[in-house]
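Encoded as structure tokens, the structure appears first; notes follow it.
Just so you know, all these numbers are worked out from the coordinates, no wet-lab data involved. Values in this document were obtained by computation on a predicted structure and should not be read as measured data. Here the Cβ positions follow ideal geometry from the backbone for every residue, glycine too, while neighbour counts run over all protein chains shown.
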Amino acid sequence: MAKPIQCIVAVAQNGVIGREGRLPWHIPEDLAWFLDQTKGGTMIEGPACYAELGKALEGRGTVVVSRDPAKTFPGAERTADLPAAVALAETMPWTGPTWITGGERIYAEGLPLCSKLFITRIHRDFPGDRFFPADWHQHFTKLASSKDGEVDGLKYTFEVWERGQ
Ligand SMILES: NC(=O)c1ccc[n+]([C@@H]2O[C@H](COP(=O)([O-])OP(=O)(O)OC[C@H]3O[C@@H](n4cnc5c(N)ncnc54)[C@H](OP(=O)(O)O)[C@@H]3O)[C@@H](O)[C@H]2O)c1
């Protein structure tokens, strides 16, 4: 059976996901959630995401999508486009889901392939230069939601959505 393809992201109220190559917020519980959910699966990410993480994370597979053959990604596989990344993730030894983990373009191309969306809703607007697809909620129905968490006055909620209305 094919591995499920799932998306994981943290999104501000105004749709921002990043600013100048970094996350605009610091929420340790969200990082722990991300690491926990994606463990044992295969992450598909862009070169800027690989650079931000600084390496291929342990305990999971990583496929970096890059059209630039001069770039190297130690510890990760690479493909030139997203469909090839999904096909490669399917053959990798990690038994967990294939995870679409950003950035902007990878989310835009990958979200239509996803059966589930793990979204951390950040309850504030942030300035930023990278955005999650604005119409995402039209394609998914909420399955589960955590109680609000809070760090330094910043509230957030973990939600799981599945495809369909
Ligand atoms: N909030 C969250 O959950 C979350 C998650 C992930 C990332 N982020 C944020 O998002 C930002 C990084 O994302 P990003 O969007 O800047 O970068 P990215 O997706 O990591 O990388 C962008 C690169 O992807 C490559 N690429 C691959 N296929 C492409 C295509 N079809 N069209 C265009 N480019 C393609 C290009 O590099 P080549 O020239 O090498 O092909 C492009 O420069 C950071 O601020 C990060 O913090 C946030």
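Projecting the Cα atoms of Trp25, Leu117, Trp94 onto the charge dipole of the chain, computed from C-beta unit charges around the Cα centre, puts Trp94 farthest toward the positive end. For the stretch 9-163, the antiparallel share of DSSP beta bridges with both residues in that region comes to about 55%. Report the GluC sites (Glu not before Pro) located in the stretch 49-109 that are in a DSSP loop and have at most 14 other Cβ atoms inside 10 Å of their Cβ, or state none. Passing both the DSSP loop test and the Cβ count: Glu58. Sites counted here are trypsin sites (Lys or Arg not before Pro) in a DSSP loop (not H, G, I, E or B) having no more than 12 other Cβ atoms within 10 Å; the longest part of the chain that contains none of them is 72-146. Only Lys, Arg, Asp and Glu carry charge here, each on its Cβ (+1 for the first two, -1 for the last two); on that basis the stretch 1-140 has a dipole of about 100 debye about its Cα centre. Tell me which cysteines of the chain come out unpaired when the rule is another cysteine's Cβ under 4.7 Å. So, Cys49. If you fit an axis through the alpha-carbon atoms of helix 82-91 and take the longest principal axis of the Cα set of the chain, what angle between them do you get, 0 to 90°, nearest 10? Value to nearest ten degrees: 70. Averaging the sequence gap over all C-alpha pairs within less than 8 Å and six or more residues apart, then dividing by the number of residues, gives the chain a relative contact order of 32 percent. Using Cα springs under 10 Å in a Gaussian network model of the chain, which residue among Val151, Val63, Val11 shows the largest mean-square fluctuation? Looking only at Val151, Val63, Val11, the largest GNM fluctuation is found for Val151.
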